[in-house]
1. How big, in percent, is the set of alpha carbon pairs in region 1-133 lying more than 21 Å apart?
2. Do any of 189/227; 85/182; 49/194; 108/167; 108/182 go past 22 Å between their Cα atoms, and which?
3. Kindly give the semi-axes, whole Å and largest first, of the ellipsoid equivalent to the chain, taking each as the square root of 5 times a Cα gyration tensor eigenvalue.
4. I'd like to check one number: the per residue accessible area of the chain, probe 1.4 Å, reported in Å² as a whole number.
5. If you average 1/r across every pair of different Cα atoms in region 238-280 and take the reciprocal, what Kirkwood value do you get, in Å?
6. Using only the C-alpha atoms of region 61-205, find the volume of their convex hull and express it per residue in Å³.
7. Could you size up the charge dipole of the chain around its Cα centre, putting +1 on the beta carbon of Lys and Arg and -1 on that of Asp and Glu, and report it in debye to the nearest 20?
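The values are calculated or read from the model by the stated rules, or taken from the named source; none is laboratory data. Just so we're clear, the structure is a prediction, and the values are computed from it rather than from any experiment. Quick reminder, even Gly has a Cβ in these numbers, built from the backbone with ideal geometry, and neighbours come from all protein chains shown. The protein model used for the area step is the full one, side chains on, heavy atoms only, and it has no ligands, DNA or RNA in it. Shrake-Rupley method; radii C 1.70, N 1.55, O 1.52, S 1.80 Å.
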Amino acid sequence: MNPTFGLSPSEIAVLRSLGEGKRTPKEVAAELGVSPQLLSRHIRSLREKGLVFMERAGLRKIVWISDTKHASLFRRILSDFGHMKLERQISASALEILSCLAFSDQMKRSEIAAAASVSPRTVQSVLQRFREVGILRRDAAGTFGISDRFSPLAEFAVEFRRYSNLKTATALYPDAVVVWEKDRDFIIKTSNAKELDGFRLTAFSAYHRFGVQLLLVGHYHFHSAEKRKLRAEDVLIHTLLLGPLDGRDMTALLLLWKRTEGGIHLRRLMAKAEEYGVAD
């Protein structure tokens with residue numbers, strides 16, 4: 001899992017303590033009954049995740065919830081749902097599942113397990129917890145989504161994931177721009193053509209693998225929790241995800257289709273197109 005995405009129950013407890021405003025680490029540690037050393041680790045983790053900010057004021061350190069978009073949304077969650085056991089509802093695997101549902105809205109239990117990389121048993125347990133407090137809705141087809149009343153939880157999960165994805169990208173590609181994302185899957189554009197630590201060339205930047213040579217300004221990389229070599233189907237889909245294509249772009253895509261047509265698995269192609277919303 002991405003180290004900059006996720007919350008432990010202890011980290012949520014720290015954020016609760018900071019919900020009223022700026023405090024010293026000593027005050028937070030005393031309230032939570034933890035050692036200064038342990039609290040320091042929690043604060044360091046939360047700073048890495050863009051959720052808290054800390055500065056020195058004279059001889060003291062002051063810490064508070066930061067003003068990033070996802071941190072501001074978490075502050076709203078504390079205001080609207082602070083009475084809930086958030087340490088249980090949005091920590092660990094529960095946040096991964098919440099993020100999946102926030103990006104896809106309607107998902108079956110098996111799809112959630114695959115997308116969140118958690119066991120079916122864990123999915124069942126988390127979904128049951130969500131349903132008990134009204135976070136989850138289920139339709140007649142057996143698909144799950146987040147209830148409208150709890151949309152702030154979905155908004156937080158989405159913005160937290162976006163922050164995490166961009167941080168993952170810019171750690172390796174400082175000029176990276178995220179041009180498409182869906183939960184843990186995302187595409188960046190950068191000036192760097194090197195494939196680094198899970199980022200794989202895709203879209204127009206991968207056409208050369210299939211005998212289609214293009215002059216490129218910038219390079220596209222795909223990052224996913226699923227570690228495998230990208231197929232022609234993936235590259236085609238990723239090209240469509242970049243947005244409206246002009247005539248030159250479409251000509252290149254059709255040329256790639258022609259070069260790879262005999263090796264394309266149409267059922268797999270359409271399944272991925274449905275998943276990413278480009279089936280039409």
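1. Of all Cα-Cα pairs in region 1-133, 44 percent lie more than 21 Å apart.
2. Among 189/227; 85/182; 49/194; 108/167; 108/182, the Cα-Cα distance tops 22 Å for 85/182; 49/194; 108/167.
3. Details: eigenvalues 305, 115, 39 Å².
That gives 39, 24, 14 Å for the three semi-axes.
4. About 51 Å² of surface per residue is accessible.
5. Value: 11.2 Å, from the Cα pair sum.
6. Spread over its residues, the Cα hull of region 61-205 gives 146 Å³ apiece.
7. Values: 43 positive and 32 negative charges, 145 e Å.
Using Cβ point charges on Lys, Arg, Asp and Glu, the chain gives about 700 debye.
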